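What follows is calculated from the coordinates using simple rules that are stated; it is not laboratory data. On a predicted model such as this, the values are computed, not experimentally measured, just so you know. Cβ sites come from the backbone with ideal geometry, for glycine too, and all protein chains shown count toward neighbours.
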């Protein structure tokens, strides 16, 4: 009953930061989302595609932790998507060294029967058309449909994007994207304009400045980012946020504003863990105790008692 | 017993933003600090200097609301400091059109006897040497000494600044200044390094991304900025933050971390009011009910209940 269906890329990444360099590690959006959702008790199912080079060891990283990969199509004669990137010495800039879409270029998802009635559907950042196709394959309207997108789709496929936004409940974007999508500079005005497209909730992520949650009824909630001693690798932080967020909702089974507020905190918790090690490494090995402690850190960081 | 002594500039400002243009209005740091401190029950006393052109009407803006101006020296044969500036159409950039220091150039404060035993001393952004001179004139060590500074003093008078920092309890700066002062990029490292100079608390302001409070014991607290429909004039927002912060502490008479947390919320409340109208206009006319409602907005914006 806490089923969470996730779609997006499943890939190989090679990452270089001032703290080190990885080989070909498991990457793309879905592993971050799925592993993060586990922290809050969701049962995640991935819909994606990989090539014949995605060996069983990579699947095992996901399956051994309870991530269902039945919906991952294996194209034996093709190669898995590959991305490599390098961060600047101050970590503020990322340069993409290589993007090979490979089998992901012709990704045409077929949702298996077992994945057509989830509580929550989390649409990772892919073409709006594919996001739509996943929604249309649902047998029952999920309690909540969440979508991620990016400037690329806002600029290249605005009409498809508008159509997809109309079909979902929650849109998650960053502040630059919110301004781009709304043509408004003031964030509050941007949020109002985007919500009026038919969304119930809008999340505007501000990187290490936290995230804002807006409801169509006018509610506003803010969650800060944790103040970390060091960020080893920010790759996947946004996807980890989406995973903690959607995973929390799937496991609670409620979609009211109070649940959404807790869910963005859950997303910030998993986002913070993600940045502390390379790739999904930290997310693969979290204990319940670590998650609990970090939730408490967020509580300590935001609770105040003002005598007035 | 809720005395708050404030030092800094008292000036005329002329401000231009996309929303309009003011004439010569009351400005400088101290009016913003003093008027904001009133919102939370402080009894503010200003130590500053003005010229013969600072007519009684300007004094009346302060005195009629309960701000003590006994410590404001009037140099009859000189002119009051004058600053004018213009904001860009997106409000992200400010151009200084004119700065005439006038009588403020030779400001050599004499603290009147009635202002030498405050609960809290708030040192606005002026030369570190003058900040020191004020501290040295205190008869009794205030419960808390708070200081503001800026990149100008970090770069031009680093030794004086280091000396002054050693004499105070709380330093309030923005994120760029924190990085400049510490030579650290990662904010947590910058905070640790600055706190080690002998401070009890450090506030790092992040503009419309809120503010962080660090304690020397390792406590971290975050307060967001309010999401405003529109910012009419951000001049004085930092000083208004300082006023709400120091005013809250003066009126509570406690300096523990929990009080500091509430005080940065108080500072964000007054900072948000400041931006909604030109100059100190909004701060001059606030009702207790307005302050109360805004405090509640901050509570609503940050409270969450995560079931874990």
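Hey, any idea what Rg/Rh is for the protein assembly as shown, computing Rh the Kirkwood way over Cα pairs?
Answer for the protein assembly as shown: 1.03.
Given the C-alpha atoms of region A:145-279, compute the convex hull and give its volume per residue in Å³.
In region A:145-279, the Cα hull volume divided by residue count equals 103 Å³.
Taking 7 Å along the Cα-to-C-beta vector as the label spot, tell me the residue A:96-residue B:53 distance in nanometres, rounded to one decimal.
For residue A:96 paired with residue B:53, the spin-label model returns 5.7 nm.
Quick one: plug the Kirkwood hydrodynamic radius of region B:54-161 (C-alpha pairs) into Stokes-Einstein at 25 °C, 0.890 mPa s, and report D in µm²/s.
So the translational diffusion coefficient is about 150 µm²/s.
Taking only C-alpha pairs under 8 Å that are 6+ residues apart, what is the relative contact order of region B:1-151 in percent?
On the way: 321 pairs, mean separation 39.1, N = 151.
In percent, rounded to a whole number, it is 26.
So what is the calculated 222 nm ellipticity per residue for chain B, using -39500 (n - 2.57) for each DSSP H run with n of 4 or more, over all residues, to the nearest 500 deg cm²/dmol?
Mean residue ellipticity, 222 nm, calculated: -11000 deg cm²/dmol.
Let me check I have the definition right: for region B:83-130, take the eigenvalues of the Cα gyration tensor, multiply each by 5, take square roots. What are those semi-axes in whole Å, largest first? Don't jump to the answer; show the numbers that get you there.
On the way: eigenvalues 200, 49, 14 Å².
Gyration-tensor ellipsoid for region B:83-130: 32, 16, 8 Å.
Between copies, how close do the residue B:101 label points come, placed 7 Å along Cα→Cβ, listed in nm from shortest?
6.2
If you restrict to DSSP beta bridges whose two residues both lie in the protein assembly as shown, what percentage is antiparallel, to the nearest 5?
40
Averaged over peptide A:204-217, how many Cβ atoms belonging to another chain are found within 10 Å of each residue's Cβ?
For peptide A:204-217, the averaged partner shielding equals 2.
So if each residue of separation counts as 0.36 nm, and I subtract the Cα-Cα distance between residue B:289 and residue B:157, what length gain in nm does that give?
Here the answer is 43.2 nm.
Defining a contact as two alpha carbons under 8 Å apart and six or more residues distant in sequence, what relative contact order in percent does region B:134-237 show?
Result for region B:134-237 is 19 percent.
Put a point 7 Å out from Cα along the line to Cβ at residue B:292; what are the distances to that point in the other copies, in nm, shortest first?
4.1
Run through the other copies and list how far each one's label point is from that of residue A:152, in nm with one decimal, shortest first; the point sits 7 Å from Cα along Cα-Cβ.
List, nearest first: 4.7 nm.
Taking the Cα centroid of region A:253-289 and of region B:234-258, what is the distance between the two, rounded to the nearest whole Å?
So the two Cα centres are separated by 33 Å.
Could you tell me the relative contact order of chain A? Use alpha-carbon pairs under 8 Å, at least six residues apart, and round to a whole percent.
19
Going by C-beta contacts inside 10 Å, put A:170, B:227 in order with the fewest on the left.
B:227, A:170
As an exercise, find the ratio Rg/Rh for chain B from alpha-carbon atoms, using the Kirkwood inverse-distance average for Rh.
Using only Cα positions, Rg/Rh for chain B is 0.94.
Which three semi-axes in whole Å describe the equivalent ellipsoid of region A:40-108, each the square root of 5 times a Cα gyration tensor eigenvalue, listed largest first?
Equivalent ellipsoid of region A:40-108: 25, 19, 11 Å, largest first.
I need the shape label for region B:202-308. Rule: rounded when a/c is under 1.5, else prolate if a/b > b/c, else oblate, with a, b, c from the alpha carbon gyration tensor.
It is prolate, given that a/c is not under 1.5 and a/b is the larger ratio.
State the Cα centre-to-centre distance between region B:130-170 and region B:42-66 in whole Å.
Using only Cα atoms to place each centre, the spacing works out to 24 Å.
For a protection proxy built on the mean count of beta-carbon atoms within 10 angstrom, sort A:275-288, A:115-128 highest first, please.
Per-residue Cβ counts within 10 Å, averaged per peptide and sorted highest first, yield A:115-128, A:275-288.
Express as a percent, rounded to the nearest 5, the fraction of DSSP beta bridges in region B:45-143 (both residues included) that run antiparallel. Before the final figure, lay out the partial values.
Values: 6 of 11 bridges.
In region B:45-143, DSSP labels about 55 percent of beta bridges as antiparallel.
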